[in-house]
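J.: Before we start, here is the structure in question, set down as structure tokens.
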Amino acid sequence: MKVKVLLLQNVKGLGNAKSIVAVSKGYALNYLVPKGLAKIVDEDTAETIVDVSKNVEERRIAQAQKEKEILESKELIFKANAGTEDKLFGSITAQDIEEKIKKVFGLEIDRKKIVLNNPIKKLGEYKIPVKLYKEIQAELKVKVEKE
């Protein structure tokens, strides 16, 4: 007989935390629940949790779309010292971009979401992808000018 459990932690081969999965009653009662990995939920509770999860997902998607529009609305301009052949003295990193986004747009974007393979080391215009949520990605315009 199968029962539905709410996973409290990631369980390898079963699912991620906060997901509802069906497992055998013995597995749930003898392993998952005693170890604090899961809680047994009844059918009504499972449906409520799924509905709440869908609402949270919809809000995250809406928030990511809003952030995308904001990020793509303006160009970030960096002033930097440059030498010959427009090479910068130093470089502009994902951390610099993260700080500038916070300052200009007022958004908290983790630098790990800024896809910058190598730091920017030359003057010019760049389009930097920013992964916001799942498949939603903004294209941030960055311009590096001579100081």
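J.: Roughly how big is the chain's charge dipole about its Cα centre, with Cβ charges of +1 (Lys, Arg) and -1 (Asp, Glu), in debye to the nearest 20?
T.: So the magnitude is around 440 debye.
J.: When only Cα pairs under 8 Å and 6 or more residues apart are kept, what is the percent relative contact order across the range 28-147?
T.: 28
J.: Can you list residues from other chains, or at least 5 along the same chain, whose modelled amide H is less than 5 Å from the amide H of residue 41?
T.: Amide H to amide H, under 5 Å and 5 or more residues apart or across chains, residue 41 pairs with 4, 5, 6.
J.: Going by the alpha-carbon gyration tensor, a ≥ b ≥ c the square roots of its eigenvalues, is the chain rounded (a/c under 1.5) or, if a/c is not under 1.5, prolate (a/b greater than b/c) versus oblate?
T.: Judged from the Cα gyration tensor, the chain comes out prolate (a/c at least 1.5, a/b above b/c).
J.: What value, in deg cm²/dmol to 500, does the helix sum -39500 (n - 2.57) over DSSP H runs of n ≥ 4 give at 222 nm once divided by the residues of the chain? List each step's numbers first, then the result.
T.: Numbers: 2 runs with 43 residues, N = 147.
Calculated from helices alone, the mean residue ellipticity at 222 nm is -10000 deg cm²/dmol.
J.: Still on this structure: In what sequence do 48, 93, 84 fall when counting other Cβ within 10 Å, fewest first?
T.: Numbers: 48 12, 93 15, 84 5.
Going from least to most buried by this count: 84, 48, 93.
J.: Between 0 and 90 degrees, rounded to the nearest ten: what's the tilt of helix 43-73 against the longest Cα principal axis of the chain?
T.: 0
J.: Quick query: amide H of residue 122 versus all other amide H atoms, modeled in the peptide plane; which residues come in under 5 Å with a sequence gap of 5 or more or a different chain?
T.: Amide H neighbours of residue 122: 88.
J.: Based on the Cβ-Cβ distance from residue 30 to residue 61, what FRET efficiency comes out when R0 is 35 Å, to the nearest 0.05?
T.: Result of the calculation: an efficiency of 0.35.
J.: Which whole-number percent gives the relative contact order of the range 2-62, counting Cα pairs below 8 Å spaced six or more residues apart?
T.: Relative contact order comes out at 34 percent.
J.: For a 24 Å ceiling on Cα separation, which of these pairs sit above it: 35/134; 54/112; 79/141; 79/134? Walk me through the numbers before you get to the answer.
T.: Details: 35/134 31 Å; 54/112 26 Å; 79/141 14 Å; 79/134 32 Å.
From 35/134; 54/112; 79/141; 79/134, over 24 Å: 35/134; 54/112; 79/134.
Values in this text are rule-based calculations from the coordinates and carry no lab data. If you're wondering where the values come from, they're calculated on a predicted model, not measured in any experiment. Virtual Cβ from ideal backbone geometry, glycine too; neighbours counted across all protein chains shown.
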